[in-house]
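Read through the structure below, which is laid out as structure tokens, and then see the notes.
The values are calculated or read from the model by the stated rules, or taken from the named source; none is laboratory data. Note that this is a predicted model, so its numbers are computed, not measured. As a convention, Cβ positions derive from the backbone with ideal geometry for all residues, glycine included, and neighbour counts pool all protein chains shown.
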Amino acid sequence: MLLLFAVRFVRTGIERRFGAMFERLLTGHTSTVLAGLSGTALAVVIQSSAAVALLLTGFAAAGMVGFGFALAGVLGADLGSALVVQLLSFDLRWLMPFLLALGGWLYLKSDRNHTRLNGRILLGIAFILISLQLLRDAVDPIRESAFLPAVAGYLSTDYFAAFLVGAALAFVMHSSVAAILMCVALVQVDALPFAAGLSLMLGANLGGALIPIWLTRDLEPAPKRIPLANFLLRGSAALACLMGINLFGLSDMLLLGQPGQSLVTAHIAFNMALVLIALAFVAAMERPMTWLLPDREEPPARIADLFEPLSPLDAPNGSRAGLAMSSIRQELLQMVTRVERMLRPALDLYERDDSEAIASLWQEDEKVNVQLTQIRQFVARMPRQNMAKSDVKTARALVEYAIRVEAAGDIASKRMTRCAQDKHEERVSFSPAGWKELSDLHMAVLESFALARHIILVDDLECARRLVLDKAEIKRLERASRKAHLKRLERGTTESFQSSDLHLETLRALRDLHGHIASVAYPILYRSGQILETRLVTEMKSERVSD
């Protein structure tokens, strides 16, 4: 359990700290080879191929990457997770005290969100090393019992059962890295034969590919084809290797030295061979995947045409209501992605006077307005009869969020472009410190869009909490910049006097825009009792009441 907790602890810390950078890394390629390398690098950092697969599936659902690039990235991520196993299997006990001390100090003592996340990552790595050492120590006395040798002997003779056990172990643990590290630890202390460890390792590769399929089960067919294709490739390769190794007695040939290290080497070799072979035809797999998982006949691509007008007597059944919710979420996902693309160049317009770019942002804002109208009309036509109350509330919450997203688009296309035009007309410039503060706040706001998209697809309570915490961090950055700006005014900085109104208005615009985007988290937090209705003190002190 400590190993599972530690792997998740590290992964979530890295996702929160470097989420926006991950998006740029995974979506900025035109080559499947580069996409595969990016997936490998990202999986090494996150320590989870399933997390990378979910990111790529979400980007594919938003239309940001194609099928071939996404599948190449997922295959590369599996190789990256194998390299993580190699890194963590080294004897790094000497690092544990240092990581615990530094990580604990950063995590517990700092008020800065990014600093606390850095401490979280270091603590998580220390917990992984501690859990592996505890696992090795715990297995030593068990080796002398009658139970473990009997199980190990059975798994070494029935390789297919060992294969299924490895797949189930990785799926239940929701981490192929943790499952294979456990197998390596057992093989390393001779609690499990090397041949059985190979079968478990191959099964864990299959189970790891099942995790993103399970987590994306509620998405539309198109993005679900990516984890399905990875599962078919990985599963068929693992099964072929299992049969070849055991039918031809190749396990002894793969034992190159210490059993634990040999198992890690075999794991890396399996994933590397799979990536090198599969990258040549990842794009060609889109057609058979479309045949296996075809698009739904209804609705059409745009939700405005999803349903013909329905009478109250012709209410959809539960499955159709669920389909409607999925369609609204997909449209919202496109709205959020469009607003993000509008915000990215908004600050650049402060440095260059580009009327065509501003006109393009206005056109994009009109498209956002059209999407909001379509969502409103669609939800208004949905009959309420036979619909669960939870579905009605969800539909209402999605419409409210669509209104907030449209307001965020207005901020990016109107308020910020108006500030940019005023800056060029008045021929003013920001101070270097002021411009850096605006750039940092702009980047921090952009980092939250990935979280918002994930929450739209999956009602993830942990991500909702993270998004609200990010909102508090945005407010802190805005306050800090405002105070620093006022201090520059007191010192008589010329640029600060000239650009004061623009600086403060841009700060407010970015803060308000982030507030609109982060509002997707509040319905989830309210349902789970994670947020208070008011920040006011409910009971006054008795002496104040008597006054």
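Looking only at residues in segment 102-128 that are of a type in the set (G, A, S) and closer than 22 Å to M1 by Cα, which one is farthest from the chain's Cα centre (by Cα)?
Within segment 102-128, the subset of a type in the set (G, A, S) is 103-104, 110, 119, 124, 126.
Imposing the further condition that a residue be closer than 22 Å to M1 by Cα reduces the set to 103-104, 119, 124, 126.
Details: G103: 23, G104: 25, G119: 20, G124: 18, A126: 23 Å.
Out of the qualifying residues, it is G104.
Can you tell me which residue within segment 1-56, out of those that are out of contact with any helix residue (DSSP H, G or I) (no Cβ under 7 Å at 6 or more places or on another chain), more than 27 Å from E473 (Cα to Cα) and at pLDDT 65 or above, is surrounded by the most Cβ atoms within 10 Å (Cβ to Cβ)?
Ranking the qualifying residues of segment 1-56, first place goes to L34.
Would you pick out the residues in segment 226-239 that are under 19 Å from the mean Cα position of the chain (by Cα) and either under 15 Å from V275 (Cβ atoms) or surrounded by 24 or more Cβ atoms within 10 Å (Cβ to Cβ) (or both)?
I226, P227, N230, listed by residue number.
I need every pair where a residue in segment 165-178 that is not assigned by TED's automatic domain parsing to the domain that holds W214 has its Cβ under 8 Å from the Cβ of a residue that is modelled with pLDDT of 80 or more and crowded, with 24+ Cβ neighbours inside 10 Å, sequence separation at least 6 or different chains.
none
Just the residues that are part of a helix (DSSP H, G or I), of a type in the set (A, V, I, L, M, F, W, C) and either surrounded by 18 or more Cβ atoms within 10 Å (Cβ to Cβ) or in contact with a strand residue (DSSP E or B) (Cβ under 7 Å, 6 or more places away or on another chain) (or both), please, taken from segment 400-441.
Of all residues in segment 400-441, those part of a helix (DSSP H, G or I) come to 400-426, 432-441.
Those left that are additionally of a type in the set (A, V, I, L, M, F, W, C): 402-403, 405, 407-408, 411-412, 416, 419-420, 433, 435, 438, 441.
Selection gives A402, V405, A407, A408, I411, A412, M416, C419, A420, L438, L441.
Residues checked against (1) at pLDDT below 60; (2) buried (at least 18 other Cβ atoms within 10 Å of the Cβ); (3) in a helix (DSSP H, G or I):
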| residue | (1), (2), (3) |
| --- | --- |
| R296 | no, no, no |
| P299 | yes, yes, no |
| A304 | yes, no, yes |
| P309 | yes, no, no |
| A315 | yes, no, no |
| S319 | yes, no, yes |
| S327 | no, yes, yes |
| A346 | no, yes, no |
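On the given criteria, is M201 surrounded by 19 or more Cβ atoms within 10 Å (Cβ to Cβ) and modelled with pLDDT under 85?
No: the conditions fail for M201.
In segment 61-78, what residues are in a helix (DSSP H, G or I) and either surrounded by fewer than 24 Cβ atoms within 10 Å (Cβ to Cβ) or among the acidic types (D, E) (or both)?
To start, the set of residues in segment 61-78 that are in a helix (DSSP H, G or I) comprises 61, 67-78.
Across segment 61-78, the qualifying residues are F67, G68, D78.
Is it the case that some residue within segment 169-176 is hydroxyl-bearing (S, T, Y) and modelled with pLDDT under 85?
Yes: segment 169-176 contains one or more residues that are hydroxyl-bearing (S, T, Y) and modelled with pLDDT under 85.
So, of the residues in segment 481-493 that are within 12 Å of G434 (Cβ to Cβ) and not charged (D, E, K, R), which turns out to be modelled with the lowest pLDDT?
T493
Hey, among the residues in segment 91-134 that are of a type outside the set (A, V, I, L, M) and not in a helix (DSSP H, G or I), which one's surrounded by the most Cβ atoms within 10 Å (Cβ to Cβ)?
Selected residue: S110.
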